[in-house]
Amino acid sequence: MSCDANRFVTWNVNSLKVRLPHVLRYLDEKRPTLVALQELKCVTEQVPTEPFAERGYQILAFGQPTYNGVALIAPNEWQAQEVHRGIPGFADDAARLLAVEWRIPAQTRPLWTVSAYFPNGQAVGSEKFAYKLRWIEALTAWLAALDPQRQAIFVMGDANIAPEARDAHPSWPEESIHVSSAERAAWAELVAQGFTDAVRICHPEEVLYSWWDYRQGAFRRNIGLRIDHILVSAPLARCVIAAGVDREPRTWQRPSDHAPVWVEWLPPTNMATQSSNSV
DNA sequence: ATGTCGCCTTAAAGGCGA
């Protein structure tokens with residue numbers, strides 16, 4: 001890359017098989033540093049590696065038949081030091097989390113990246129809703145143990161939660177799924193461990209959505225939710241230089257119902273290689 | 001509008017999940 005800025009992206013692709021051409025087009029056009037994917041809807045063995053390798057990337061995936069599935073696409077030269085498939089210590093039938101600690105050439109500090117597909121929750125008060133809250137609680141506890149006040153961590157994914165009122169179109173029913181007080185409190189507790197919402201660093205008030213229902217021409221009418229997020233840990237908050245939502249892939253033929261959410265950041269000075277004249 | 005997708009199934013339309 002011609003400059004030092006990193007571009008990290010999270011994208012719920014709603015079937016990697018169907019959306020592979022979109023992902024490859026996105027890599028070719030935007031040249032992101034790292035992409036976190038959700039809803040692969042295929043088993044790990046069906047995730048292709050060649051088209052990514054050709055473009056200079058490796059892909060680490062955690063899939064299962066039919067539902068869920070997450071992945072991380074990263075530069076070939078990055079070394080995965082530690083890999084977690086699922087929240088450590090939390091029994092879960094669903095492939096919803098892939099966490100990788102990277103060793104990056106020319107950087108002294110390791111970097112954690114997490115691709116997370118939070119449970120949808122279906123309806124407030126349902127069994128799936130209770131599972132959603134338990135899942136978030138387990139993720140929060142594990143992230144806290146990673147020490148986000150000190151370590152460099154990106155938590156990226158489809159949280160299935162619109163954190164604040166302006167993150168949901170006014171037509172979305174109050175206290176329904178994705179916007180309920182219980183979900184927002186669980187999200188706030190996770191964030192409070194030491195994270196900052198990257199998009200809100202750059203756009204504190206703007207109405208930005210990342211998902212629009214396939215039905216009712218919701219995208220054309222901009223009736224959506226902001227449920228896909230990138231959280232940065234405390235040491236990274238001041239490193240964010242830009243962030244936003246890429247609406248363009250949502251206009252492509254046969255799109256995912258989600259748009260990519262991205263952040264650009266510069267490594268903190270203590271992550272960069274020591275200069276030659278330093279001791 | 002129960003409005004659309006994607007994936008699954010004793011294959012063809014229907015169920016499930018989102």
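For the range A:22-28, 3J(HN,Hα) computed residue by residue from phi via the Karplus equation (6.51, -1.76, 1.60; θ = phi - 60°) reads 5, 4, 5, 4, 5, 4, 5 Hz, glycine and proline entered as x. Packing around the peptides A:78-86, A:161-169, taken as the average count of other Cβ atoms within 10 Å per residue, puts them in this order, highest first: A:161-169, A:78-86. Simple rule: put +1 on each Lys or Arg Cβ and -1 on each Asp or Glu Cβ in the range A:6-265, find the dipole, and look at A:Val43, A:Ala94, A:Ile153; the Cα lying farthest toward the positive end is A:Val43. For A:Ile241 and A:Gln58, a Förster radius of 30 Å and the Cβ-Cβ distance give a FRET efficiency of 0.75, rounded to the nearest 0.05. Across chain A, the mean sequence separation of Cα contacts (distance under 8 Å, 6 or more residues apart), normalised by length, yields a relative contact order of 19 percent. Across A:Glu248, A:Glu39, the residue with the most accessible area heads the list, and the full order at a 1.4 Å probe is A:Glu248, A:Glu39.
For chain A, the share of accessible area belonging to carbon and sulfur comes to 50 percent (1.4 Å probe, ligands and nucleic acids excluded).
Rounded to two decimal places and with Rh computed the Kirkwood way over Cα pairs, what is Rg over Rh for the range A:14-137?
That ratio equals 1.00.
Close amide H contacts of A:Ala242 (hydrogens built in the peptide plane, cut-off under 5 Å, sequence separation of 5 or more or a different chain): A:Glu264. Taken about its Cα centre, chain A carries a charge dipole of roughly 400 debye when the Cβ of each Lys and Arg holds +1 and the Cβ of each Asp and Glu holds -1.
Converting phi to 3J(HN,Hα) with the Karplus coefficients 6.51, -1.76 and 1.60 and the offset θ = phi - 60°, the range A:198-203 yields 4, 5, 6, 5, 8, 9 Hz in sequence order, with x at every glycine or proline. Taking all protein chains as shown and a probe of 1.4 angstrom, A:Arg55 keeps an accessible surface of around 60 Å². Between A:Ser210 and A:Leu225, A:Arg226, A:Ile227, A:Asp228, the built amide H atoms are under 5 Å apart, and every one of these is 5 or more places off in sequence or on another chain. Distance from the C-alpha centroid of the range A:156-173 to that of the range A:96-130: 18 Å, rounded to the whole angstrom. How fast does chain A diffuse by Stokes-Einstein, in µm²/s, taking the Kirkwood radius from C-alpha pairs at 37 °C and 0.692 mPa s? Answer, rounded: 173 µm²/s.
Could you give the accessible area per residue of chain A, probe 1.4 Å, as a whole number in Å²? Working shown, then result.
On the way: 12390 Å² over 279 residues.
On a per-residue basis, chain A sits at 44 Å².
Charge tally around A:His178: other residues with Cβ under 14 Å, Lys/Arg +1 each, Asp/Glu -1 each, net -4. The Cβ shell under 12 Å around A:Ala237 holds other residues with a net charge of +1, Lys and Arg each +1, Asp and Glu each -1. Between A:Asn14, A:Asn76, A:Asn68, the residue with the greatest mean-square fluctuation in the GNM of chain A (Cα pairs under 10 Å linked by springs) is A:Asn76. Three principal axis extents describe the C-alpha atoms of the range A:141-204; from largest down they are 40, 26, 16 Å. The residues neighbouring A:Asn68, those whose beta-carbon lies less than 10 Å from its own, together hold a net charge of -1 under the Lys/Arg +1, Asp/Glu -1 convention. Each residue of the range A:108-120 was assigned a 3J(HN,Hα) from its phi angle through the Karplus curve 6.51 cos²θ - 1.76 cosθ + 1.60 (θ = phi - 60°); the sequence is 7, 9, x, 9, 8, 10, 10, 9, 10, 10, 5, x, 5 Hz, with glycine and proline shown as x.
The values are calculated or read from the model by the stated rules, or taken from the named source; none is laboratory data. On a predicted model such as this, the values are computed, not experimentally measured, just so you know. Cβ sites come from the backbone with ideal geometry, for glycine too, and all protein chains shown count toward neighbours. Only protein heavy atoms, including side chains, enter the accessible area calculation; ligands, DNA and RNA are left aside. Shrake-Rupley method; radii C 1.70, N 1.55, O 1.52, S 1.80 Å.
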